[in-house]
Amino acid sequence: MSDIERADLLEKLIGFVRDDLLNGQAGAELTPTTPLLEWGVLDSIKTARLLAFIRDDIGVRVPPKKMVGDHFKDLEHVTDLVLELQQPVG
């Protein structure tokens, strides 16, 4: 995936978190490196909604073994996880 596509993916994820999970609140403070878990942006319900967005809108399933805190540290890490899972195995 090119840098442009990576940037588009990151922007999609930021938009979803800002608009759907934060309802536009504190959206100005949301950056690719905002600590999602430390700041309470993600909780169990919001993480499930983010996973559903990644599955339904981006077309990537996140397996349970990849659902660890480090992958959801910030949106840069989430983007890296999605890109890793999009790569063909082989």
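Some observations on this one:
- Reduced Cα scattering model of the chain, Debye log10 I(q)/I(0), q = 0.16, 0.22 Å⁻¹: -0.59, -1.16
- Amide H within-cut-off set for T34, under 5 Å, with H built and near neighbours excluded: L75
- Whole-Hz ³J(HN,Hα) from phi, Karplus 6.51 cos²θ - 1.76 cosθ + 1.60, for region 38-49, glycine and proline x: 4, 8, x, 5, 10, 10, 4, 5, 5, 5, 4, 5
- The residues of the chain expose on average 61 square angstrom of accessible surface per residue, using a 1.4 Å probe on protein heavy atoms.
- The chain, helix-only ellipticity at 222 nm - DSSP H runs n ≥ 4, -39,500 (n - 2.57), divided by all residues, nearest 500: -12500 deg cm²/dmol
- Linear extension gain, D8 paired with L83, 0.36 nm per residue minus alpha-carbon span: 25.8 nm
- Accessible area in the full protein assembly, largest first, 1.4 Å probe, for K46, K12: K12, K46
- Using the Karplus relation 6.51 cos²θ - 1.76 cosθ + 1.60 with θ = phi - 60°, the per-residue 3J(HN,Hα) values for region 61-78 come to 8, 9, x, x, 5, 9, 8, 10, x, 5, 6, 10, 4, 7, 6, 4, 5, 4 Hz, with x marking Gly and Pro.
- Accessible area of the chain belonging to carbon and sulfur atoms, whole % at 1.4 Å probe: 51
The values are calculated or read from the model by the stated rules, or taken from the named source; none is laboratory data. Everything quoted here is computed from the prediction, not taken from an experiment. When the accessible area is computed, the model is the full protein with side chains, heavy atoms only, and any ligands, DNA or RNA have been set aside. Shrake-Rupley method; radii C 1.70, N 1.55, O 1.52, S 1.80 Å.
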